[in-house]
Amino acid sequence: MNMTEMGEVYAFLLRHRIAESQPQERRRRSSQSGLISERDACSLLKDADEEQMQQLRSFLSGQGLQLAIYDSADYPGIPPGGQIYLLLRHPQAELPVMFSQQQLLQKLRIRNDSQETTAVWFIHIWMLMLGLLYTRNNRALSDVSLYQDAVFSQDELIDALKTHLETLRRGGQQDQELPRQIAILLTEKGEDIPRRVRNFVESLLDASLLSEKGKNIFQQTLLGALEVEQSGLNHLRHLIPEDIAQRIILPVERHLEEEKQIVQEPVDVRH
């Protein structure tokens, strides 16, 4: 793998975050403008010698990234003889500059939402999704190998959000000075909830943190499970501007801890 080929592999991984030599439930990604094919990316990585791989890892490390390589002996869902290459963020490093927050915020924004409003909605939907992926299955963040069992429907997430908002409204009747992030949620009239959830899910699909298993049925990917396991709730801090994170993440975490029952059984669909 020469320097040109290393750049081509890097460009592919930066866009897709995942390269599978034998994807089971989707077609291999073909080449497109500016990118080599998934088959070629995997071949270059497989054929690279130890020195070339070290050069690639050093290059990625300087940008706050790391390359993880797994086969069927490591995790379920990887076919015998197959390998999966994942581009992970280094949990102790600064957010790589190429992981644009603005791109995510633009995908999630509705009408003229401010960055703070968009971030508040993202965090609450993310926490409720974690309830569906982890809490209702009695699954710890470290249970990465159970990622294939982490499945939810879009309707479940919509219902979870509606239930959460209704609980906030009931509590707000007795509290005239609501925290700002809760007040933002309570301005929602309900018509935009499906749209917000759809935008959220599409963003995670695009980031390869979720995969679609059927019509509006979604499963956590191995990449998604590993990022949650490595970063925990700090994963959220990499997805929104730091000044907004300081104002809203800790209050939201405290509030959702107090509302733990809602996170555990957001739509009464415990398995």
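The values are calculated or read from the model by the stated rules, or taken from the named source; none is laboratory data. Quick caveat: nothing in here was measured; it's all calculated off a predicted structure. Cβ coordinates were reconstructed from backbone atoms using ideal geometry, including for glycine residues, and neighbour counts include every protein chain displayed.
Scan the stretch 84-95 for residues that are closer than 21 Å to Glu8 by Cα and either at pLDDT 95 or above or surrounded by fewer than 15 Cβ atoms within 10 Å (Cβ to Cβ) (or both) and jot them down.
Ile84, Tyr85, Leu86
Leu128: touching a residue at least 40 places away in the same chain (Cβ under 8 Å) and surrounded by 16 or more Cβ atoms within 10 Å (Cβ to Cβ), yes or no?
For Leu128, the condition - touching a residue at least 40 places away in the same chain (Cβ under 8 Å) and surrounded by 16 or more Cβ atoms within 10 Å (Cβ to Cβ) - is met.
Tally the residues that are of a type in the set (A, V, I, L, M, F, W, C), at pLDDT 90 or above and under 24 Å from Ala19 (Cα atoms), restricting the search to the stretch 193-210.
6
Go through the residues of the stretch 67-79 one by one and say whether even a single one is among the charged types (D, E, K, R) and touching a residue at least 24 places away in the same chain (Cβ under 8 Å).
Looking for residues that are among the charged types (D, E, K, R) and touching a residue at least 24 places away in the same chain (Cβ under 8 Å), one finds none in the stretch 67-79, hence no.
Thr135 is checked against (1) at pLDDT below 90; (2) surrounded by 15 or more Cβ atoms within 10 Å (Cβ to Cβ); (3) farther than 19 Å from Leu210 by Cα; (4) in the same structural domain as Ser203 (by TED's automatic domain parsing) and fails just one. What number does that condition carry?
The single condition Thr135 does not satisfy is (3).
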